[in-house]
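Colleague: Let me give you the structure first, and then I'll get to my questions.
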Amino acid sequence: MQIPLLIKAGLARGQGGVIGKGLNVWPSIHIDDIPTLYTAVFDAATKGPDATGHGREGYYYGENGEYSLGELSHAVAKLLYEMGLGKSPQATPFTDDEADKYFGVGLSFVHVNQGVIDY
C-alpha cells in the first residue's frame, strides 16, 4: 500500500518524498510465501474443534522481513529523478498539507500531525 502511494505522490509533486524522518519500519512478506501461510492455517483449522486460534478468534499475519519507509522513499525519489520525473535523487519531506493532500487525513502510518507522529 505504501509503495503505490509514495509513487503517486512523488509523480504529482514532481519530487519523491518522505514522511517525517522516515524512521518507521514495516513488516513484509514475499508473495511466494503466502501459499505456505494459507496451507498452515488451513491445516490447523481442519484438525478439529480443539485447535485454538482459528475461526472468529484467529488472526494470522505473514511476515518474513521488514523494510524502512525512509529507505523506500529515497529509492522512489532516486528512480523518479533518473526517469526525469523528479528534481532531486534525495527524497524531500512532505509538508503536513502535502501529507493531507496525497495520503488523506487520519492515515497514521504516513501522516505527521504537528510532530505527534515522529516517523
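The values are calculated or read from the model by the stated rules, or taken from the named source; none is laboratory data. Small disclaimer: the values here were computed from a predicted structure and weren't measured. As a convention, Cβ positions derive from the backbone with ideal geometry for all residues, glycine included, and neighbour counts pool all protein chains shown.
Colleague: Residue 10 - would you say it is under 13 Å from residue 74 (Cα atoms) and either surrounded by 12 or more Cβ atoms within 10 Å (Cβ to Cβ) or in contact (Cβ under 8 Å) with a residue 60 or more places away in the chain (or both)?
Modeller: Against the criterion (under 13 Å from residue 74 (Cα atoms) and either surrounded by 12 or more Cβ atoms within 10 Å (Cβ to Cβ) or in contact (Cβ under 8 Å) with a residue 60 or more places away in the chain (or both)), residue 10 qualifies.
Colleague: For region 1-17, how many residues are outside any helix (DSSP H, G or I) and farther than 11 Å from residue 80 by Cβ?
Modeller: 1
Colleague: What's the number of the condition residue 66 fails, among (1) modelled with pLDDT of 85 or more; (2) under 18 Å from the mean Cα position of the chain (by Cα); (3) surrounded by 12 or more Cβ atoms within 10 Å (Cβ to Cβ)?
Modeller: Looking at each condition in turn, residue 66 falls short on (3).
Colleague: Oh, and also: On the given criteria, is residue 35 exposed (fewer than 12 other Cβ atoms within 10 Å of the Cβ) and modelled with pLDDT of 90 or more?
Modeller: yes
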